[in-house]
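Data first, discussion second: the structure below is written as structure tokens.
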Amino acid sequence: MTSTDPTVHVRYLVDDVAAAVDFYTTHLGFDEGLRAVPAFADVRRGHLRLLLSGPASSAGRPMPDGTRPHAGGWNRIHLLVDDIEAEVAKLRAAGVGFRSDVVTGPGGKQIVLDDPAGNPVELFQPAGT
């Protein structure tokens, strides 16, 4: 590979592309990029480009064995925050659902929430911040 683009590209399969764009731009500080609803859109935050692929996208096509890709799972993007308690309170007030409570470990605090399609997003506050 020879690309020098510092952007990290992550693809999430989503059930509703427009709802996913609204979620990431409204609640998590992403900026909207390309919008080809209902099949595809992308959102960006810093050096992260999140590719939101709906059922009508090429990424949603069945595999050769007939398996259909779908949203959800536990692989997740990891977003750094300065004050996890404040972020959690703000998101809960907006009706965002969480998979976990805040967990504290040697590296910091984390919590996992779901986007509208069930894809997990981790908020992480490093220790000492």
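The values are calculated or read from the model by the stated rules, or taken from the named source; none is laboratory data. From a predicted model like this one, the values you see are computed outputs, not experimental measurements. All Cβ positions, glycine included, derive from the backbone under ideal geometry; neighbour counts span all protein chains shown. Heavy atoms of the whole protein, side chains included, go into the accessibility calculation; ligands, DNA and RNA do not. Shrake-Rupley method; radii C 1.70, N 1.55, O 1.52, S 1.80 Å.
Summary of computed values
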quantity	calculated
Cβ-placed point charges (K, R +1; D, E -1), dipole of the stretch 88-129 about Cα centre in debye, nearest 20	140 debye
The stretch 58-129: relative contact order as a whole-number percent, Cα under 8 Å and 6+ apart	35 percent
Neighbourhood net charge (15 Å Cβ-Cβ; Lys/Arg +1, Asp/Glu -1) for residue 75	0
Amide hydrogen neighbours beyond the local backbone of residue 81, cut-off 5 Å, H modeled	124, 125
Förster radius 22 Å - calculated FRET efficiency between residue 59 and residue 99 (Cβ-Cβ, nearest 0.05)	0.40
Alpha-carbon gyration tensor eigenvalues x 5, square-rooted, for the stretch 1-61, Å	19, 16, 8
Cut-off 9 Å between beta-carbons: net charge of the residues surrounding residue 102, Lys and Arg +1, Asp and Glu -1	-1
Quotient of Cα Rg and 2.2 N^0.38 Å for the chain, N being how many residues it contains	1.11
Local net charge near residue 16, Cβ-Cβ under 12 Å (Lys/Arg +1, Asp/Glu -1)	-3
Point-charge dipole on Cβ atoms (K/R +1, D/E -1) for the chain, about Cα centre, debye to 20	260 debye
Accessible area per residue, Å², the chain with all protein chains present, probe 1.4 Å	57 Å²
Carbon + sulfur, % of accessible area of the chain - ligands and nucleic acids excluded, 1.4 Å	53 percent
